[in-house]
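Student: Dropping a structure here in structure tokens format, bear with me for questions.
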């Protein structure tokens, strides 16, 4: 396997921050094995993106980049991010944020409010209106009206005489 040294260097440098990226997806409630698989998937995504950006897209480079990223990431996780406490704190924070969109009624109400606000803003920007009415149970009625605003095409620029 021929791995250009520049790709190896970039992969190693990126491997130092992969534990922090993986901590966003990892959750306190998941098992250690599942969180390890999440870290491996994040490493694979970073390796693929690195190879694509560097225009070195072949299986040998992707595998070599993955090995470098995951190895350096594991070393910095166990040697720096975990002992310092930053990665566990970041993982705990992201777990709390993501759990807010869980199954309790307050979380659902907050999520529905955010969706309604986003829909209202979208309606303001596009000029369309949507009304949704929910009755008891699962019955939902939706009515949509769309307003189209015609914008005239720009006139071609007049050519200047030479």
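The values are calculated or read from the model by the stated rules, or taken from the named source; none is laboratory data. Only a predicted model underlies this, so the values are computations on that prediction, with no experimental measurement involved. Positions of Cβ are generated from backbone atoms using ideal geometry, with glycine treated the same way; all protein chains shown enter the neighbour counts.
Student: Tally the residues that are assigned to a helix (DSSP H, G or I) and modelled with pLDDT under 90, restricting the search to segment 39-55.
Tutor: Looking only at segment 39-55, we keep the residues that are assigned to a helix (DSSP H, G or I), and these are 39-53.
When the remaining residues are screened for being modelled with pLDDT under 90, the result is none.
Of the residues in segment 39-55, 0 are assigned to a helix (DSSP H, G or I) and modelled with pLDDT under 90.
Student: Additional query: Identify, please: which residue in segment 42-70 is touching a residue at least 12 places away in the same chain (Cβ under 8 Å) and surrounded by fewer than 16 Cβ atoms within 10 Å (Cβ to Cβ) and is, among those, farthest from residue 15 (Cα to Cα)?
Tutor: 60
Student: Among the residues of segment 1-35, how many are over 22 Å from residue 96 (Cβ atoms) and modelled with pLDDT under 80?
Tutor: Summing the residues that are over 22 Å from residue 96 (Cβ atoms) and modelled with pLDDT under 80 in segment 1-35 gives 5.
Student: Taking the criterion of being modelled with pLDDT under 85 and over 27 Å from residue 37 (Cα atoms), would at least one residue in segment 88-104 satisfy it?
Tutor: yes
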